[in-house]
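Visitor: Okay, here's the structure, questions in a sec.
The values are calculated or read from the model by the stated rules, or taken from the named source; none is laboratory data. Please read these numbers as outputs of a predicted model, since none were measured by experiment. Here the Cβ positions follow ideal geometry from the backbone for every residue, glycine too, while neighbour counts run over all protein chains shown. For accessibility, only protein heavy atoms count, side chains too; no ligands or nucleic acids. Shrake-Rupley method; radii C 1.70, N 1.55, O 1.52, S 1.80 Å.
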Amino acid sequence: LDILGYDAVDIGTLADSWRSEPGTPVYCKPYFGEVPEDVSLDKTMEWIFQAPGVPIPADRVRELTATVVRPAGGSFSIADWR
């Protein structure tokens, strides 16, 4: 990973892995940058697949995963991406 320029980030135990599941602040969104405000929710995925990736530092990954609070019911939604 170091040779490729990536950092491995320890975000906790397997039981804490929900902190990086779809809909959480660290899942994909930081790597796409900000979705333009004029893009509808229906077109968000299309925009994401065309946007260039943005690297984020390991400290930012730690910060984002530390702020996640699991919602009642235990799952996140695509609407949480915006």
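Visitor: Suppose we filter segment 5-28 for residues that are among the aliphatic types (A, V, I, L, M), under 18 Å from Arg60 (Cβ atoms) and open to solvent by 60 Å² or more (accessible area, probe 1.4 Å); how many remain?
Guide: 1
Visitor: Starting from residues that are out of contact with any Pro (no Cβ under 6 Å at 6 or more places or on another chain) and closer than 16 Å to Thr67 by Cβ, keep the ones in segment 29-56 and report whichever is most open to solvent (accessible area, probe 1.4 Å).
Guide: Lys29
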